[in-house]
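The values are calculated or read from the model by the stated rules, or taken from the named source; none is laboratory data. All figures in this text were calculated on a predicted structure; none of them were measured in a lab. No Cβ is skipped: glycine too gets one built from the backbone with ideal geometry, and neighbour counts run over all protein chains shown.
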Amino acid sequence: MRNKCILLITAVLCFFLQCTLCQKIAIGLIAPNLLVIFVVSIGLMRGKKTALFVGFFVGLLMDLFYGGYLGIYSFLYMMIGYLSGLAFRIYYDNNIKVPMLLTGGCDFLYNVGVFVFTFLLRGRVQVLFFIKRIIIPEMIYTIFLTALVYKLFYYISHRLMKQDRKERDSTWLLK
Amino acid sequence: MKKKRNFHLKSKHMLAIMSIVCVSLLITTFASDFSVQPLKDGAGYIVVPFEKGLNRIGTWMNGIADNFRDVRELAEENEKLQDQVDALKEKNNQLAVDQKELERLEELYSVDEEYSEHDKVLAQVIAKEPGNWYSTFTIDKGRRDGIQVDMNVIAAGGLVGIVTEAGPGWAIVRTIIDDGSNVSGMTVADSDTCIVSGSLELMDSGQITFSQLRDDEGRVSVGENVVTSHISDKYLEGILIGTIASIERDANNLTCTGYLVPAVDFRHLQEVLVITKLKDSAKETGDEE
């Protein structure tokens with residue numbers, strides 16, 4: 001219960017930081033994506049299932065406030081949570097390189113998803129332009145931000161939240 | 001509680017279930033009139049107060065950063081501004097004369113200035129769209145202040161956008177530079193109508209595109225102002241959108257396409273005005289030709 005509360009509060013906190021502060025520190029109109037960092041960190045530190053729900057919740061917030069139809073962002077963030085959860089207990093989560101690489105990959109996939117669902121379907125076909133101008137810069141900025149904030153999420157997960165080590169959380173290693 | 005513990009879903013099954021939930025959510029909101037407004041209102045009660053507070057902190061920090069600007073830079077700027085003031089003073093005198101003339105003419109033709117007559121609500125921009133794909137923002141006024149969906153939003157220079165969602169204490173505005181925005185516009189001189197659409201591809205130049213401008217005689221030229229048109233069903237007539245930066249004749253030799261420089265500086269938008277009048281009600285009271 002306590003874990004769920006902490007996750008909920010952190011998720012909401014990240015959401016409005018993303019809407020306000022992250023937009024203020026945008027470079028060349030590109031803002032980093034704190035929400036992806038958050039969901040990926042949870043996936044890496046808490047496992048697939050938790051990250052799946054956290055991703056769904058974060059995505060739902062996005063859908064409710066800024067999405068046209070419910071479901072697109074929920075689905076994308078949920079997938080990111082699940083994908084990053086695959087790395088749970090396979091890589092050490094106290095090494096900064098792993099989350100950096102993971103956020104880079106997941107941010108790329110997420111933006112490709114947004115592009116395909118909300119731009120390509122409306123007939124915006126300039127894929128290369130969008131990759132060069134939006135997806136790659138955002139990925140780099142997000143990776144950079146990961147280096148700064150990951151320790152904070154690590155602290156939240158390992159100090160404030162209870163650890164429940166279950167065998168079923170890991171797919172490949174312990175089974 | 002203990003019994004529940006024995007029941008475990010594998011995470012991949014969970015993923016499948018939640019994916020189905022997402023897709024069904026998508027379909028329900030897409031296909032039916034199922035309203036999620038109560039849900040949105042509820043979420044807004046949690047998030048918006050924090051956003052307001054954070055925004056205040058952000059503005060405060062911006063103020064501090066500005067204080068650290070180089071003194072020399074400021075002196076230089078001061079000099080430049082002084083020149084500008086002189087030039088503007090001269091211009092102002094000229095304009096004052098023109099204004100008098102305009103007033104006289106207006107009286108003569110009994111033209112009422114619709115634009116300034118509308119009631120407006122001043123609102124603060126408190127949050128922006130979290131991603132980099134769209135250009136929408138949240139303002140700190142909502143239904144309680146009389147704001148409704150489809151109301152026009154303006155700033156000092158001209159048209160900013162339109163309210164797409166209105167919660168009790170906040171509203172979401174889609175700007176005209178948003179990739180999904182289309183506005184019906186017309187040129188000031190000849191009332192030739194065109195469609196003004198935002199495009200993410202032009203984010204660096206800050207311009208927006210216009211198309212389907214019918215201009216048989218080639219009278220429209222660079223530098224002409226484009227305002228919202230009389231045939232638009234959501235935008236009030238006569239709000240300045242921008243100035244034509246370039247124009248090109250289409251292959252069909254009938255219509256023109258080109259780029260506009262918006263009248264509003266979208267990068268430094270902090271306060272906007274919402275016109276609390278819908279086009280529909282304007283139609284009822286206004287005379288139709």
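Is it the case that A:Phe38 is at negative phi, within 11 Å of the chain's Cα centre (by Cα) and among the aromatic types (Phe, Trp, Tyr)?
Taking the combined requirement at face value, the residue satisfies it.
Could you please find all residues in region B:194-213 being touching a residue at least 24 places away in the same chain (Cβ under 8 Å) and part of a strand (DSSP E or B)?
Within region B:194-213, B:Cys194, B:Val196, B:Ile208, B:Thr209, B:Phe210, B:Ser211, B:Gln212, B:Leu213 qualify.
Taking region A:19-47 on its own, how many of its residues are outside any helix (DSSP H, G or I) and more than 10 Å from chain B (Cβ to nearest Cβ)?
Total satisfying the criteria: 1.
Please go through region B:219-252 and pick out each residue that is hydroxyl-bearing (Ser, Thr, Tyr) and not in a loop (DSSP other than H, G, I, E, B).
Listed by number, the residues that qualify are B:Thr228, B:Thr243, B:Ser246.
List, please: which pairs have Cβ atoms under 7 Å, are six or more places apart or on different chains, and start with a residue in region B:48-69 that is closer than 13 Å to B:Gln270 by Cβ and end with one that is assigned to a helix (DSSP H, G or I)?
Within 7 Å, the pairs are B:Gly58/A:Leu21; B:Gly58/A:Lys24.
Considering each residue of region A:56-67, count those that are more than 9 Å from chain B (Cβ to nearest Cβ) and under 11 Å from the mean Cα position of the chain (by Cα), and give that number.
Counting residues in region A:56-67 that are more than 9 Å from chain B (Cβ to nearest Cβ) and under 11 Å from the mean Cα position of the chain (by Cα) gives 1.
Could you list, in sequence order, all residues of region B:34-64 that are surrounded by 10 or more Cβ atoms within 10 Å (Cβ to Cβ), at pLDDT below 80 and of a type in the set (Ser, Thr, Tyr)?
Selection gives B:Thr59 alone.
Only one residue in B:Asp190, B:Asp216, B:Asp178 is in contact with a helix residue (DSSP H, G or I) (Cβ under 9 Å, 6 or more places away or on another chain) and either touching a residue at least 12 places away in the same chain (Cβ under 8 Å) or not in a strand (DSSP E or B) (or both), so which one is that?
Criteria check complete, one pass: B:Asp178.
Can you find a residue that is surrounded by fewer than 19 Cβ atoms within 10 Å (Cβ to Cβ) and of a type in the set (A, V, I, L, M, F, W, C) anywhere in region B:232-240?
No, region B:232-240 contains no residue that is surrounded by fewer than 19 Cβ atoms within 10 Å (Cβ to Cβ) and of a type in the set (A, V, I, L, M, F, W, C).
For a quick check of your reading: which helices (runs of 4 or more DSSP H) sit entirely within region A:68-131 and have at least 1 residues that are under 19 Å from A:Leu35 (Cα atoms), touching a residue at least 40 places away in the same chain (Cβ under 8 Å) and away from chain B (no Cβ under 12 Å)?
Passing ranges, in order: A:72-85, A:97-114.
Conditions first: (1) more than 18 Å from A:Ala11 (Cβ to Cβ); (2) out of contact with any Pro (no Cβ under 8 Å at 6 or more places or on another chain). A:Leu60 passes all but one, so which condition is the exception?
Every condition holds for A:Leu60 apart from (1).
When you scan region A:134-148, how many residues do you find that are within 14 Å of chain B (Cβ to nearest Cβ) and touching a residue at least 60 places away in the same chain (Cβ under 8 Å)?
6
Does A:Gly81 count as surrounded by 22 or more Cβ atoms within 10 Å (Cβ to Cβ) and in contact with a Lys or Arg (Cβ under 9 Å, 6 or more places away or on another chain)?
Against the criterion (surrounded by 22 or more Cβ atoms within 10 Å (Cβ to Cβ) and in contact with a Lys or Arg (Cβ under 9 Å, 6 or more places away or on another chain)), A:Gly81 qualifies.
Hey, can you tell me all the residues within region B:189-218 that are farther than 22 Å from A:Arg133 by Cα and acidic (Asp, Glu)?
B:Asp190, B:Asp192, B:Asp215, B:Asp216, B:Glu217, listed by residue number.
Of all the residues that make up region B:10-20, how many are facing chain A (nearest Cβ under 8 Å) and aliphatic (A, V, I, L, M)?
Total meeting the criteria: 3.
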